[in-house]
C-alpha cells in the first residue's frame, strides 16, 4: 500500500495525475497523512461503513483545489454517487477521459438524470 501511496504522490507532484484515491485500514491512516502532508498535498478522508473489525477508509489526496471539489461531491458512499458526480470523480482521478465519457453516455441513456 505504501509503495502505491508514494507512486501516487510522485505522479501528482509531476502533474501526471490530478489526484488519487487509496482505500486502507484505519490504523494506517496516520502514516499516510503524514506522508501526504510532507509532500505538500492536501487530503480528504471518507470513513467507510462496514461490519468488519478493521475499519476501512477512502483517502483522497492531491492539489488543494481538487481536494476541495472532492469534498463537495463526495457526500455519500461512492457506489451511491449520482452519475454526474461519478463522472467528475473518474475524470479527477485521471481515468481515461474517452472511456469515462462512453460510460457516462451509456449510463445516462438508461436512466433519467438525477437532481
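The values are calculated or read from the model by the stated rules, or taken from the named source; none is laboratory data. Keep in mind that this is a model prediction, so the values were computed, not measured. Cβ sites come from the backbone with ideal geometry, for glycine too, and all protein chains shown count toward neighbours.
Kindly list, by first and then second residue, each pair from a residue in the range 7-30 that is at negative phi and in contact (Cβ under 8 Å) with a residue 12 or more places away in the chain to a residue that is surrounded by fewer than 17 Cβ atoms within 10 Å (Cβ to Cβ) and in a helix (DSSP H, G or I), limited to pairs with Cβ atoms under 7 Å and residues at least 6 apart or on different chains.
9/35; 17/11; 22/4
Looking at the range 80-91 only, could you name the residues that are touching a helix residue (DSSP H, G or I) at 6+ places or on another chain (Cβ under 6 Å) and touching a residue at least 24 places away in the same chain (Cβ under 8 Å)?
Once the filter is applied, which keeps residues that are touching a helix residue (DSSP H, G or I) at 6+ places or on another chain (Cβ under 6 Å) and touching a residue at least 24 places away in the same chain (Cβ under 8 Å), the range 80-91 yields only 83.
Which residues, taken from the range 36-58, are surrounded by 15 or more Cβ atoms within 10 Å (Cβ to Cβ) and either out of contact with any helix residue (DSSP H, G or I) (no Cβ under 8 Å at 6 or more places or on another chain) or closer than 28 Å to residue 105 by Cα (or both)?
Answer for the range 36-58, where residues must be surrounded by 15 or more Cβ atoms within 10 Å (Cβ to Cβ) and either out of contact with any helix residue (DSSP H, G or I) (no Cβ under 8 Å at 6 or more places or on another chain) or closer than 28 Å to residue 105 by Cα (or both): 46, 58.
I'd like to check something: does the range 39-53 contain any residue that is out of contact with any strand residue (DSSP E or B) (no Cβ under 8 Å at 6 or more places or on another chain) and at pLDDT 95 or above?
yes
Can you spot a residue in the range 95-111 that is at pLDDT below 90 and in a loop (DSSP other than H, G, I, E, B)?
Yes, the conditions are met somewhere in the range 95-111.
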